[in-house]
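Scroll down for the structure; my scribbles are underneath it.
The values are calculated or read from the model by the stated rules, or taken from the named source; none is laboratory data. These numbers come from a predicted model, not from an experiment. A quick note on method: Cβ atoms are made from the backbone with ideal geometry, for glycine too, and the neighbour counts reach across all protein chains shown.
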Ligand SMILES: Cc1cc2nc3c(=O)[nH]c(=O)nc-3n(C[C@H](O)[C@H](O)[C@H](O)COP(=O)(O)OP(=O)(O)OC[C@H]3O[C@@H](n4cnc5c(N)ncnc54)[C@H](O)[C@@H]3O)c2cc1C
């Protein structure tokens, strides 16, 4: 009998997993998503950067799956006529005190096998980005940009062509295991699967609870707000300009990114949101759940100074401009206008630790992706191969 596998979430990770399971195991896959379109959340609200693998601790899942994922995504985009443009990235040290951290980053990037790296001085970096300033920079010429929602839509087509289905407007409301199968209630229907893979991003905790697996880490939503460059200011950025990240955080700091449609974005910051899908300040509908998790309170106690700075940056446009002008001083207030933001699903431990690596939690019937923040869009095809390798094979 054909193995039936359900996948919760039609973001780039869920769709890549569904395609991989249909392709390599011949499984009949059904993807369930509560929204009316694929890529409605993180996959559709991000920087669009195909990360080269600079930042992640060598040997971590992020480091390994990012490098593998880049190669797979590049081929996939070429095969399907999807945008993929190696615009290159500069990680810029704005002052001398950042040099040591930049050197450590370069070493890490080399250990991860990032190709084509060059360490540049103040003049060298201007040859790459004529309007950028800094004392030194790391250049990654193969860092690329793509259109992740378009990739997700293509993956959904693949799923359908492989005999599977993507069911939108199907919020998963209950899960139970019965007679060796996983039953899932969605849109007033019960689906019965042999295995279930949960790739629900911001909805992970709710679905994990339905599956009786609340777990030791919880999702804490971090809103990432952007400004768009207007008019001729777009010409001030050729590719991707990033700060040297603060090693205490998994976030990369406000950067300037060219998108495949020609827009240039400044952002994202990282502000604690009070709703899982908290795209605006006013949405506080999950405040109680988020704030009563001991991990959130411990995290806030450890990082309140940064938190206050991020809130200020969110409310005051000038603070955002100041962050961007450290790297591109020619920018003026008129060059920035508010744009759509995204919300990151970041796992936080009970002790307040921001979980750095990807986390996949496997049991016999239900596989839960607990943490798939950036660079999970870049790594999605490799994450899918990894997950297909850990979903237990059918018994008997
Ligand atoms: C601001 C920002 C910038 C980023 N920049 C980059 C970048 O440049 N490069 C990069 O590689 N990564 C980046 N990322 C990270 C990347 O976007 C995510 O890691 C990736 O999209 C995760 O994909 P996903 O499929 O796991 O999650 P999502 O895309 O969030 O998909 C989860 C899906 O699950 C569905 N769902 C949830 N609950 C239920 C339920 N109960 N029933 C049915 N469906 C449900 C949701 O509707 C959603 O469609 C960024 C993220 C953000 C927020």
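Structure data summary
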item	result
Any hit, the stretch 142-161, residues being under 19 Å from residue 35 (Cα atoms) and without any contact (Cβ under 8 Å) to a residue 12 or more places away in the chain	yes
Per-region count, the stretch 220-239, residues in a strand (DSSP E or B) and over 17 Å from the mean Cα position of the chain (by Cα)	3
All positions within the stretch 255-284 that are at pLDDT 95 or above and out of contact with any strand residue (DSSP E or B) (no Cβ under 8 Å at 6 or more places or on another chain)	261, 262
Among (1) surrounded by fewer than 21 Cβ atoms within 10 Å (Cβ to Cβ); (2) over 21 Å from residue 216 (Cα atoms); (3) touching a residue at least 60 places away in the same chain (Cβ under 8 Å), the one test that residue 304 misses	(3)
Selection status of residue 93, within 28 Å of residue 197 (Cβ to Cβ) and touching a strand residue (DSSP E or B) at 6+ places or on another chain (Cβ under 7 Å)	no
Lone qualifier among 11, 69 - being within 11 Å of the ligand (Cβ to nearest atom) and within 26 Å of residue 174 (Cα to Cα)	11
Leading residue by the ranking (surrounded by the fewest Cβ atoms within 10 Å (Cβ to Cβ)) among those in the stretch 361-394 that are more than 11 Å from the ligand (Cβ to nearest atom) and within 19 Å of residue 56 (Cα to Cα)	386
Residue within the stretch 52-61 that is surrounded by 24 or more Cβ atoms within 10 Å (Cβ to Cβ) and in contact with a strand residue (DSSP E or B) (Cβ under 8 Å, 6 or more places away or on another chain) present	yes
Test: residue 313 is in a loop (DSSP other than H, G, I, E, B), surrounded by 15 or more Cβ atoms within 10 Å (Cβ to Cβ) and modelled with pLDDT under 95	no
Those residues of the stretch 89-118 which are surrounded by 14 or more Cβ atoms within 10 Å (Cβ to Cβ) and in contact with a helix residue (DSSP H, G or I) (Cβ under 7 Å, 6 or more places away or on another chain), in sequence order	90, 91, 92, 93, 112, 117
Strands (runs of 3 or more DSSP E) enclosed by the stretch 116-216 - at least 1 residues per element that are within 11 Å of the ligand (Cβ to nearest atom) and at pLDDT 95 or above	144-146, 165-167, 172-178, 181-186, 195-198
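Conditions tested, residue by residue: (1) within 16 Å of the ligand (Cβ to nearest atom); (2) out of contact with any strand residue (DSSP E or B) (no Cβ under 9 Å at 6 or more places or on another chain); (3) touching a residue at least 12 places away in the same chain (Cβ under 8 Å); (4) assigned to a helix (DSSP H, G or I).
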| site | (1), (2), (3), (4) |
| --- | --- |
| 296 | no, no, yes, yes |
| 318 | no, yes, yes, yes |
| 323 | yes, no, yes, yes |
| 344 | yes, no, yes, no |
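Yes/no matrix, rows are residues, columns are (1) crowded, with 21+ Cβ neighbours inside 10 Å; (2) closer than 19 Å to residue 224 by Cβ; (3) near the ligand (Cβ under 7 Å from one of its atoms):
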site: 15; (1), (2), (3): yes, no, no
site: 22; (1), (2), (3): yes, no, no
site: 31; (1), (2), (3): yes, no, no
site: 43; (1), (2), (3): yes, yes, yes
site: 49; (1), (2), (3): yes, yes, yes
site: 73; (1), (2), (3): yes, no, no
site: 77; (1), (2), (3): no, no, no
